[in-house]
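Input: a single structure, listed below in structure tokens.
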Amino acid sequence: MPKKKRHSLSLKDLIKGVAVFLQDVEAKSMLDLSNPPKSLDHTLNYDYKIVNIENNQVNIKLVINIESIPENLFKIKLEVIGKYLFKEAISEEMVLNDVPFLLDALAPEVSYIVSFLTDRMLKQPYIIPPIISLELDVPKETKKKNTKASI
């Protein structure tokens, strides 16, 4: 009887859990909100580092910089740590091939933190999409994304 081929599992199949920790936050806002702008855009930069890969655990540090356009309305820098637990040991290659999936698990928490902070600073939440998209042409260890969107 021929042997069945074992299908290789992706990280999506192997993930057991994710914990998100806010490591650092810097938030600045314009003091005079008596004349708010009629429209608001932002720039958004992501930077990540794979802190460690050990057996069935991975830690990734994600740094997010978001700044309002017009400038000086608000500026936020967040550092979050994602701690991932898998059903079995995983390789560095598997992690590097699936970084976008791993970072997307952090996106809802980042979106929530930004909306909470801007609500307290501006008296109205500014909500960024809970998606972290990375450019493919940047080296895998540090990827950045510049985004401009309007509300």
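Label-to-label distance, ASP41 versus LYS61, with points set 7 angstrom from Cα along the beta-carbon direction: 3.2 nm.
Suppose the chain between VAL51 and ASP119 were pulled fully straight at 0.36 nm per residue; how much longer would it get relative to their current alpha carbon spacing? Walk me through the numbers on the way to the answer.
Working: separation 68, 0.36 × 68 = 24.48 nm, distance 3.14 nm.
Gain on stretching VAL51 to ASP119: 21.3 nm.
Here the label points at LEU134 and LYS77, each 7 Å from Cα along the C-beta direction, are separated by 2.1 nm in the simple model. Label-to-label distance, GLU92 versus ILE127, with points set 7 angstrom from Cα along the beta-carbon direction: 4.1 nm.
Each value in this text was obtained by applying a stated rule to the coordinates, not by laboratory testing. Model, not experiment: these values are computed from the prediction. Neighbour counts run over all protein chains shown; Cβ positions are idealised from the backbone, glycine included.
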